[in-house]
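Below is one structure; the comments refer to it alone.
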Amino acid sequence: MLVKNILAVMVVGGLTACSGGSSDNSTDTISSQEIPSNNTVPDPVVVSDPVVVSDPVVVADPVVIADPVTVTDTAQCTNEQYDIVSAQSNAISEGVHLPALAIDGDFSDDSRWSSEGTNQEIIFDLGEQKNVAALQLKWLKSNERTTNFSVESSIDNSTWDNVISTRNSTLTADAADVDIVNLSETINVQYVKVIGHGNSSGSDWNSLVEIDLFKCELDEAVIPAVDTTSTPSTAQGNDTIATCDDLGQMLYNGTCSPYTEVYEEERGVLNDGAYLIASSPIEMTFDALAAKHVTPNGNGWRHELKIKSSGGYRVAMTDVYELFKAKITANLTDGSKTIVAQHHAETTATITKLYIADLDEGGFDNAPDGTESDSTALNGVFDVYIRLAKEDGSGETKHLLTTIRSGESFDFEEENDHGVITIKINGQALDSITVADSSASFFKFGNYLQAQNPETGDKLASGDNDGDWDDFYAQYFTESEITFTDMSYIRTVD
């Protein structure tokens, strides 16, 4: 009703305005024809219902954004310590301290690479390209001095990139501590070269005990725990033996150890460790003519390794398990006779003694493979034979093993299982013997070139007592090298 009244007022007002009245105050009269008799204003014209717009589009529920994607923090890294395949150096190493000892996992000072001089290089091969972010280095006497060094890298062992400019190692609180070097950026490499420039003590020695390479940066040192609970056994796992062989070490009481742990060198005028040609795997060459080592009552010049005479290393054959294997290559002048491996009793009496000889020896049975003895002096054919102690102690027996010429090789194996000795030549075994022995037997190997005239068979005076060995060797021999490769040595003491 309110709407209608308002419309009525608007109509009346509108009519009044349209009446054309003058500007004075006169009032126009609306005729009765214009206003209905009931004096009501007619209902206004009703406009048709407004167009109804269809239901408004209902917007779908708002899209719910998933939890934000978590981007992996590239600073996080699952670390990996890489296996280093090999270590090589053209530098002259100190004695037995060869490159392979810097990657053998042994953090003791005796197991190290050492070389004297500035810019001494040692190269480590990862076997394939790896991402390297950190190095861990253990330097000799790191609590007493710093070592000046630099590092380079390569993917082909030919073109090298600088990784670490010359810097000093960290002076550690303890000699057992290591130097951790996190690189400014990760490098993709196969070869890592460490270059030594001497140390702060004023010497030019570079002595790296151990190096490890890692995929990620290090917060603390990674040093393997030493297993002191293992019990020595004569039945060693093949994997353990192979690991020691690959490292150029012997398996001693269940642990990989350098040969120098139990052996000492008879080297004469040569430098210590001159026999070492390579260390991973190990290769040794013994040169009796170069060493000129003379022992009291000895029968010739020698260059050998033997079980140490002090420290309790020499024990009865019945108290130890030993297995010695090697490929033996002889480079000898015609007419030479040398002993290349032997087991001595405490009194130096023979238990086993392996010879290579181009003399008129004789007295052999055929070798295990049927080979007959040559036994002709100075013709370039060498009999390889072994002397074995008789079980009753009454003397020795003599057994041909094979024949070779200079430059040729044979595989030799000697096993002592608590006094039971088995010899193998090129995989074929002799009958085992059993020996009773004193309390301090010892094994030795190398090159013991006999002072024995190849023409007459006569031996010169023992120990060079007549002072004629120099002239004798100069007259008859120009070459005397015995090389041991594919070596393996196990020693387990009860």
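The numbers here are math on the coordinates, done by the rules we state, and not lab data. Predicted model, so just to flag it, every value in this text is computed and none were measured. Quick reminder, even Gly has a Cβ in these numbers, built from the backbone with ideal geometry, and neighbours come from all protein chains shown.
Is the stretch 69-208 rounded, prolate or oblate when judged by the Cα gyration tensor, a ≥ b ≥ c being the square roots of its eigenvalues, rounded requiring a/c under 1.5 and prolate requiring a/b larger than b/c? The shape class here is prolate. Remark: R405, R267 ranked as R405, R267, counting other beta-carbon atoms within 10 Å and listing the fewest first. Here the label points at D125 and D360, each 7 Å from Cα along the C-beta direction, are separated by 5.1 nm in the simple model. Of the residues T333, A367, T422, the one whose Cα sits farthest towards the positive end of the charge dipole of the stretch 306-423 is T333 (charges of +1 on Lys and Arg Cβ, -1 on Asp and Glu Cβ, taken about the Cα centre). This ranking places H399, H97 by how few other beta-carbon atoms lie within 10 Å of each, fewest first, which gives H399, H97.
Taking Cα centroids, how far is the stretch 144-172 from the stretch 338-367 in Å? The distance from the Cα centre of the stretch 144-172 to that of the stretch 338-367 comes to 51 Å. Bridgeable lysines around K193 (alpha carbons under 30 Å apart, same-chain partners fewer than 8 residues away excluded): K130, K138, K141, K215. Magnitude of the charge dipole for the stretch 238-493, about its Cα centre and with charges confined to Cβ atoms of Lys, Arg (+1) and Asp, Glu (-1), is about 500 debye. Taking 0.36 nm per residue of separation and subtracting the Cα-Cα distance, full extension of the segment from D174 to K398 would add 75.0 nm.
Test of understanding: ordering E372, E304 by Cβ neighbours within 10 Å, fewest first, what list do you get? Don't skip to the end; give the middle numbers.
Working: E372 12, E304 25.
Going from sparsest to densest Cβ surroundings: E372, E304.
Computed from the Cβ-Cβ distance with R0 of 51 Å, the FRET efficiency linking D458 to S108 stands at 0.55. Placing pseudo-labels 7 Å out from each Cα toward the beta carbon at E144 and I277 gives an inter-label distance of 3.5 nm.
Between N188 and E264, take the C-beta separation as r, use R0 = 45 Å, and let me know the FRET efficiency to the nearest 0.05. Write down the numbers at each step before the final one.
Details: r = 45 Å, r/R0 = 1.00.
In this case the efficiency is close to 0.50.
Shape verdict for the stretch 238-493, please, from the Cα gyration tensor: rounded (a/c under 1.5), prolate (a/b greater than b/c) or oblate. Please list the in-between numbers first.
On the way: a/c = 1.42, a/b = 1.25, b/c = 1.13.
Judged from the Cα gyration tensor, the stretch 238-493 comes out rounded (a/c under 1.5).
Listed values for the stretch 144-159 are Karplus-derived 3J(HN,Hα) couplings in whole Hz (6.51 cos²θ - 1.76 cosθ + 1.60, θ = phi - 60°), namely 10, 8, 9, 10, 8, 8, 9, 9, 10, 9, 7, 9, 10, 6, 10, 9, and x replaces Gly and Pro. Considering only A316, S406, L378, and ranking their Cα positions along the charge dipole of the stretch 238-493 that arises from unit charges at the beta-carbon of Lys, Arg, Asp and Glu, the one farthest toward the positive end is A316.
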